[in-house]
Amino acid sequence: MHNFGEWMEHLSWVQYVGMTAWLYSGISTIHYFTLFVMVGTSVVIDLRVLGLAGKGKPVAQFAEQIYPWMWGAFWLAVITGFLEFATDAGDYLPDTVFRVKMTVILLAVIFTILLQRSVSGAPEMKLVSGGTKALAALSLLFWIGSILAGVEIAAISGLG
Amino acid sequence: MQAPIHTSLMPLSRYLQMTSWATGIRTSLWVYPFIQLIHFSGLSLWLGTNVAGDLRLLGVGKQPQSAGDVRDELFVWNWIGFCIVVLGGFLLFSARATMYIINPAFRTKLFMLVPVALIWHVFVQAKTHDWGKSGIISVGGKAAAVLEIILWLSVVTAAVEIPNFG
């Protein structure tokens with residue numbers, strides 16, 4: 001796996017990204033911005049489902065408006081994150097904290113998808129079931145966890 | 001000739017940095033990342049609610065909830081996010097105040113971009129109902145939403161550049 005990372009790092013277009021300061025900074029900026037928007041919009045939906053925002057209004061109606069932006073921001077964060085990862089893939093791949101971050105993100109995505117299906121399945125629902133609230137709480141927990149894992153990569157591993 | 005702002009703020013920066021709590025943040029392996037988590041989590045809530053409102057102003061999203069209704073619903077969480085950002089940001093700044101205050105990217109972010117973006121955000125928040133009153137968002141409203149997104153993107157750009165000037 002480390003050899004794969006080293007191979008990726010030495011691809012010509014990856015080296016160009018890594019060595020072009022304005023390009024790398026731009027990618028970093030978009031990664032942070034879309035990450036914040038993605039987590040923020042997901043949190044807004046979770047707060048609605050948990051009854052901490054927009055009480056008395058149908059949950060699905062609100063969530064349906066937010067989800068396209070959330071997933072749009074997510075995919076932009078994934079693309080820019082991959083570009084940043086590629087420039088130092090040889091060091092990121094074996095790093096434990098990086099692997100924890102990817103695992104936490106995967107869990108956050110799974111719970112968010114489950115929540116989205118649960119919410120969209122009952123369009124007129126104003127009262128949310130305990131199971132759906134649990135999904136929202138887990139989604140919230142893992143998205144916050146992904147931010148923590150992200151900052152720990154720099155603190156513990158010195159990467160990024 | 002007036003001294004640059006960072007010169008006049010250096011004594012305060014030194015004082016903040018030498019407080020016991022700022023020293024604790026700076027020297028602890030786990031506290032500093034935790035404070036970053038607070039700052040970034042607040043930023044997520046702040047930017048997420050801002051952009052949700054701006055995109056609704058741009059006509060993205062389904063009816064019948066108007067742009068004004070979206071803003072109203074997110075208002076409290078928007079400003080809670082801002083308070084968390086400020087708290088986390090202040091603690092991060094205090095830990096290394098003398099380094100941040102001389103950093104041109106940090107100064108651009110805090111003393112120029114954030115105040116402009118914040119003032120614009122308050123203006124957009126106040127005017128959203130007017131722009132969407134007829135059910136169709138005016139060109140001015142859409143332009144205001146685009147400008148807000150650009151301003152907060154500029155703030156994040158300046159923040160990303162801070163380590164490059166450190």
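Here are a few things to note about the model shown:
- Of all the residues in the stretch A:39-71, those that are within 21 Å of A:S146 (Cα to Cα) and within 8 Å of another protein chain (Cβ to nearest Cβ) number 10.
- Members of the stretch B:135-166 that are among the β-branched types (V, I, T) and within 12 Å of chain A (Cβ to nearest Cβ): B:I149, B:I150, B:V155, B:V156, B:T157, B:V160, B:I162
- Flag if B:V116 is under 18 Å from the mean Cα position of the chain (by Cα), surrounded by fewer than 15 Cβ atoms within 10 Å (Cβ to Cβ) and assigned to a helix (DSSP H, G or I): yes
- Filter pass, A:F4 being over 15 Å from B:T49 (Cβ atoms), more than 14 Å from chain B (Cβ to nearest Cβ) and modelled with pLDDT of 90 or more: no
- Residue match in the stretch B:134-148 (condition: outside any helix (DSSP H, G or I), surrounded by 14 or more Cβ atoms within 10 Å (Cβ to Cβ) and without any contact (Cβ under 8 Å) to a residue 40 or more places away in the chain): yes
- Among the residues here, A:I79 qualifies as part of a helix (DSSP H, G or I), within 17 Å of the chain's Cα centre (by Cα), closer than 24 Å to A:G26 by Cα and among the β-branched types (V, I, T).
For every residue, the table says whether it meets (1) touching a Phe, Trp or Tyr at 6+ places or on another chain (Cβ under 6 Å); (2) modelled with pLDDT of 95 or more; (3) among the basic types (K, R); (4) surrounded by fewer than 18 Cβ atoms within 10 Å (Cβ to Cβ).
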residue: A:S120; (1), (2), (3), (4): no, no, no, yes
residue: A:G131; (1), (2), (3), (4): no, no, no, yes
residue: A:A136; (1), (2), (3), (4): no, no, no, no
residue: A:I147; (1), (2), (3), (4): yes, no, no, no
residue: A:I156; (1), (2), (3), (4): no, no, no, yes
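- Residue check for A:F33: within 14 Å of another protein chain (Cβ to nearest Cβ), touching a helix residue (DSSP H, G or I) at 6+ places or on another chain (Cβ under 9 Å), at pLDDT 90 or above and under 20 Å from A:L140 (Cβ atoms): no
- Verdict on B:S41 being facing chain A (nearest Cβ under 7 Å) and buried (at least 19 other Cβ atoms within 10 Å of the Cβ): yes
The values are calculated or read from the model by the stated rules, or taken from the named source; none is laboratory data. Please read these numbers as outputs of a predicted model, since none were measured by experiment. Cβ coordinates were reconstructed from backbone atoms using ideal geometry, including for glycine residues, and neighbour counts include every protein chain displayed.
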